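Written out below as structure tokens is the structure these notes cover.
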């Protein structure tokens, strides 16, 4: 039997060396793969963190942008509201409230009868008075009330084309805005067209009233458009010293309505602290032919120009046809008689208004 030699033993033992080499290579490959995985996981984490940072940055931009838009929108809304408030305040400052009042009673509902026991002259005057009222009743005109909010500044011209020539007046809202608006509305409704100035009074240099009165389609002095305007009495007219007797009776101090003044006729009276006939003015107006001494109880709406006053002077020079007024019992109000009113009646020179225009 041959004993084993060293070479053979060495040859046999050389394989395990090769085997050992193969095992180490596999371990190195495994180590490399784990490292790559860690690196990949790290990169993935970093990528995710980067994406989250970018997303957070984008959200911040969106929030900031949205906030800026909201701020701008809020600022714009606030600016709009402020502007609207300023404009509204300015508009309100240019207007005033006007309380026009509808009339509930027909002014022609109580046409008087002529008492049979009157003298012949009063019987004739009474018949004239009643006939004029009955004729006027058929000529009534009713118009819609003006709006309850009117301008209180500015002027406009009204030109009355009459049978005696043009009479132009300047209407001033600042003096009596509600009454000026009423006249303007009636002109727009053609309320004054085809009417006549129904009354004129003869004055003198002592202050006796000299006026031309127009604005009643019925020609009687009692016609209205179906509503009345609020009182807007002037406060800047020159006043006259009051005599002792007037002061004792509690009568108002008189003022001067200058020549050419246009004021609203009404039924207001005051004495001894008592007032009646408030807010009864409407369509009827009078023009002061001379400086008129009156209580300052007539809303002043304007002034006739020089050319118009020349026309009125011509009418005034023609004189007055005396009118008729009833006498009444102070307790019952019953008619007790009739009398003429010299110096107070229709103008002898007819003043027929064909049209009225605003400009």
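Per-structure values
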quantity: Selected residue [over 22 Å from residue 218 (Cα atoms), modelled with pLDDT of 95 or more and either surrounded by 13 or more Cβ atoms within 10 Å (Cβ to Cβ) or not assigned by TED's automatic domain parsing to the domain that holds residue 223 (or both)] from 257, 298, 316; calculated: 257
quantity: Sole residue being surrounded by fewer than 14 Cβ atoms within 10 Å (Cβ to Cβ) and in a loop (DSSP other than H, G, I, E, B), chosen from 157, 142; calculated: 142
quantity: One residue from 326, 350, 322 being surrounded by 13 or more Cβ atoms within 10 Å (Cβ to Cβ) and assigned to a loop (DSSP other than H, G, I, E, B); calculated: 350
quantity: Unmet requirement for residue 324, which otherwise passes all of (1) under 18 Å from residue 214 (Cβ atoms); (2) in contact with a strand residue (DSSP E or B) (Cβ under 6 Å, 6 or more places away or on another chain); calculated: (1)
quantity: Single unsatisfied condition, residue 96 versus (1) at pLDDT 80 or above; (2) closer than 30 Å to residue 176 by Cβ; (3) assigned to a helix (DSSP H, G or I); calculated: (3)
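The values are calculated or read from the model by the stated rules, or taken from the named source; none is laboratory data. Being a predicted model, the structure only gives us computed values, none of them experimental. Quick reminder, even Gly has a Cβ in these numbers, built from the backbone with ideal geometry, and neighbours come from all protein chains shown.
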